[in-house]
Each structure stands twice: as structure tokens, then as C-alpha cells.
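Take a look at the structure below.
Every read-out reported here was derived from the displayed coordinates using simple, explicitly stated rules and does not represent laboratory data. These figures come from a predicted structure and were not determined experimentally. All Cβ positions, glycine included, derive from the backbone under ideal geometry; neighbour counts span all protein chains shown.
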């Protein structure tokens, strides 16, 4: 069976790092993205991949992608990485319904549609692996993140539901939650050296993560070494989601 991987939103950022990592693990990587400019740039920098336009919030676009993949390869991917996502920043009370809905449609409904359509083909072969990229916002929402935390929390539960449904049919499903990552949608935040320095102090490991940190975990989950890991939400954040008490000013009992 060919080792073919499909990555949504793989033309840049975390998705692109995942693509490069899986390629080094002998996967033929298919990158699907709705940013045509980024796809062209990606094609120049990643000679061994295949590239397709797809808007995962549109069911027809996903069906067109399926046809294009099977026409080119004669089979479907055995590994699906649902990475594509968008964010609309701003006060939740100022968010328009359109903004809120667009984030849900891409991040949650898009993940559902991709998992449904390519999961069907995995079921036919009684073999496959789905990895959903979420966020620490799924467990600890950020100010002014709009619908993003809600959408990612939904993907966590969708992952668990898919795991229950697809596990008996030979398909593993897990999710990975990046923390503060200096790439992709968050990269503009860390263009400020001051922000990078200050935020690094808030992370127990004292650094902001890299896209490669996420790619390494996804690579592990895609391997046979992770064959008994199923239905899990793996947080990759340098410990920041467990660091609340680091930021509480308090004296030790001896000094009180």
C-alpha cells in the first residue's frame, strides 16, 4: 500500500513543516490549500510533493479534491492531517455572525467534511490514520480570539467521536494542540523581539515553540510506534497550559 498523506492548509506554517517531516518519513505528501499564491510558493520549495487547491469549508471543493487525487494516484491517502484553520481576532461581543460562522465553517465543519470523505475510503481498506491539529485555545481560550477557541474545542470532541466510530474499523484518530508557536498565523506576533522575549518567560521551557516541534509529534503519531495511541488530545506547548501557579505572586509558608 502506498504511503500517501494529505495535509489541508499545508502550504505554509505548521502544515508545511509537517509536510517536510512526513516526506522524510517516506510519505508522498499531498498539500491542499485555498491560498493559490502560497501553493505556488510551496511548489517551488517542495519539489517532491503534490499540490491541489481546496476550500475545505465547501463540500463540493472537497469532492473535487477526492476526484483529482484518485485520478492522479489511483488510490486515496492513508494518512489525513486536518491542519487548515482561520482566526478572526476581536472582542467576542463585537464579532459579526458572519465572522463567527466563517471560523466554525473552516475549522470545525471543514475538519468534519475532510474526515468524513477521506475516512470513508479508509474504511474500505480497514486502514488509516487521521490527525487533527487543534490549539491550546481548545482548553484555555485567549482574549479577543473570537470563535477560534470554540471551533478548536469542537475539533477535540469531534476527534473523540471519530475515534469511537472509526477505531473498530482499523482507523486511528488523534489530535495535536500547539501552544505558542512562532510560525503560521502567529508569526506576525513574534516579529516583535520584545513580545518574543516576554512570552518566552511565560513558558516553563522558556522558549516559544517552533513549527518543527509540532511536526515531530505528528510524525510520531503517523508511525507504527504510535499504533496503540487512539482518541487522544496531545498538547505540545512547553508546559504553558499547566503553568498557572508560576504566575501567581505568593510567598512560601516559611516567609508568611
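Hey, rough spin-label estimate for residue 116 and residue 96, points 7 angstrom out along Cα→Cβ, what's it come to in nanometres?
Computed distance between label sites residue 116 and residue 96 equals 2.7 nm.
Rounded, prolate or oblate, given the Cα gyration tensor of the stretch 79-229, with a/c below 1.5 counting as rounded?
Values: a/c = 2.63, a/b = 1.42, b/c = 1.85.
It comes out oblate by the Cα gyration axes.
Candidates [x] 6, 29, 37, 22, 5, 0; [y] 7, 30, 36, 18, 6, 2, 1, 0; [z] 6, 21, 22, 19, 15, 8, 4, 3, 2, 1, 0; which is the computed P(r) over Cα pairs in 10 Å bins from 0, in percent?
[y]
Is the shape of the stretch 15-98 best called rounded, prolate or oblate, per the rule: a/c under 1.5 gives rounded, else a/b larger than b/c gives prolate, else oblate, with a ≥ b ≥ c the square roots of the Cα gyration tensor eigenvalues?
Numbers: a/c = 2.27, a/b = 1.64, b/c = 1.38.
Since a/c reaches 1.5 and a/b is larger than b/c, the shape of the stretch 15-98 is classed as prolate.
So for the chain: antiparallel DSSP bridges make up what percent, rounded to the nearest 5?
Just about 0 percent of them are antiparallel.
Run the quick spin-label model on residue 140 and residue 228: label points 7 Å from Cα toward the beta carbon, then report their separation in nm to one decimal.
3.1 nm
Quick one: among 111, 159, 48, which has the greatest mean-square fluctuation in a GNM of the chain with alpha-carbon springs under 10 angstrom?
48
Please list, by residue number, everything in the stretch 189-232 whose backbone N is under 17 Å from a paramagnetic label point 7 Å out along Cα→Cβ of residue 246.
Counting backbone N atoms under 17 Å from the label point, the list is 195-210.
Which of 107, 26, 191 ends up with the largest GNM mean-square fluctuation for the chain, with Cα atoms connected below 10 Å?
It is 191.
Explain nothing, just the number: relative contact order of the stretch 4-243, from Cα pairs under 8 Å at least 6 residues apart, as a whole percent. Walk me through the intermediate numbers first.
Details: 457 pairs, mean separation 47.0, N = 240.
Taking the mean separation of contacting Cα pairs over the length of the stretch 4-243, I get 20 percent.
Once every DSSP H run of n ≥ 4 in the chain is given -39500 (n - 2.57) and the sum is divided by its residues, what mean residue ellipticity at 222 nm do you get, rounded to the nearest 500 deg cm²/dmol? List each step's numbers first, then the result.
Numbers: 8 runs with 100 residues, N = 256.
That comes out to -12500 deg cm²/dmol.
Got the relative contact order for the stretch 1-51 handy, in percent, Cα pairs under 8 Å and 6 or more residues apart? Let's see the in-between values first.
Working: 72 pairs, mean separation 19.6, N = 51.
Value for the stretch 1-51: 38 percent.
Counting pairs of alpha carbon atoms under 8 Å apart in space and at least six apart in sequence, what relative contact order in percent does the stretch 1-88 give? Before the final figure, lay out each step's value.
Working: 137 pairs, mean separation 32.5, N = 88.
Dividing the mean separation by the residue count of the stretch 1-88 yields 37 percent.
Which FRET efficiency, nearest 0.05, do residue 75 and residue 37 yield, Cβ-Cβ r, R0 41 Å? Can you show the working numbers first?
Working: r = 30 Å, r/R0 = 0.72.
FRET efficiency, residue 75 to residue 37: 0.90.
Using a Gaussian network model of the chain whose springs link C-alpha atoms within less than 10 Å, name the residue from 80, 65, 108 with the highest mean-square fluctuation.
65
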